[in-house]
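What follows is a set of notes on a single structure, which appears directly below.
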Amino acid sequence: MILPLYPAGAIGEGASLAVAVATGIAFGVALERAGLGSSRKVAAQFYGTDFTVIRVMFTAIVTAMLGVFALTRVGLLDPSALSVPDTWLVPQLAGGIVFGAGLIVGGLCPGTSCVAASSGHLDGLALMAGMLAGTLGFEEAFPWLARLYDATPLGRFTLPDLLRLPTGAVVAATTTTAVGCFVLLWRHERRRRDA
């Protein structure tokens, strides 16, 4: 096994940070090129008029999943060395609700707000300031939220663990679902154009 490079000792800490920065910049450029620095474009998914966000994110997820699966199968990647965060059902559900509400109200998520800000959009800067304020507010409120934060720990598990299915079956089902979603979205958008 030679991957991941840093845990395997193939590269040092400095090179690992350089790879992380380069990957982050490349992903930001891809988001900007897809138009996701625009809050109108991001919010349009909730109105059913533009599904670029779903396409970009589903493509990223499936590409990463297929890459991890293929590299594991050929023996180049040790999946146990990948970071999979533990699950705390209630706090993560609460966080998802707060995240979703912020996405609907602001029209940008944390990643796309950074893209918008770097492109000179004031709404991106405002949302980044809101994220910073929210982070500081959470830190101050943590003593009161600690019980919620630690509620319902479920440990570390993946979809194959949860569904009790072989990893290959979950990869195939996820890829098939993605392709099906892309076809349905394409048909929906074509009907809207033709109407």
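For the reader, a short list of remarks on this structure follows.
- Separation of the stretch 1-57 and the stretch 68-82, taken as the distance between their Cα centroids, equals 20 angstrom.
- Distance-filtered residues of the stretch 60-84 - backbone nitrogen under 13 Å, label point 7 angstrom along residue 169 Cα→Cβ: none
- Pairwise centroid distance, computed over Cα atoms, of the stretch 116-173 with the stretch 89-111, Å: 8 Å
- Remark: relative contact order (the stretch 84-157) = 54 percent; criterion is Cα-Cα distance under 8 angstrom and separation of 6 or more residues.
- Two numbers describe the Cα atoms of the stretch 84-157: Rg and Dmax, which are 14.4, 41 Å.
- Taking the helices alone, the chain has a mean residue ellipticity at 222 nm of -23500 deg cm²/dmol, built from -39,500 (n - 2.57) per DSSP H run of at least 4 residues and averaged over all its residues.
- What you get for the chain, charging only the Cβ of Lys and Arg (+1) and of Asp and Glu (-1), is a dipole of about 860 debye around the Cα centre.
- For the stretch 61-78, the Karplus equation 6.51 cos²θ - 1.76 cosθ + 1.60, evaluated at θ = phi - 60°, returns couplings of 5, 5, 4, 5, 4, 5, x, 4, 4, 5, 5, 5, 5, 8, x, 8, 10, 9 Hz by residue, with Gly and Pro reported as x.
- The listed peptides 127-134, 149-156, 52-59, ordered by packing as a protection proxy, come out as 52-59, 127-134, 149-156 (highest mean of other Cβ atoms within 10 Å first).
- As a proxy for reagent exposure, ranking 188, 121 by other Cβ atoms within 10 Å from fewest up yields 188, 121.
- Options (i) 12.1; (ii) 18.6; (iii) 13.8 - which one matches mean projected area of the Cα convex hull in nm² as calculated here: (iii)
Bear in mind that the values in this text are calculations on the coordinates, not laboratory data. Just so we're clear, the structure is a prediction, and the values are computed from it rather than from any experiment. When we count neighbours, we look across all protein chains shown, and the Cβ atoms used for this are built from the backbone with ideal geometry, even at glycine.
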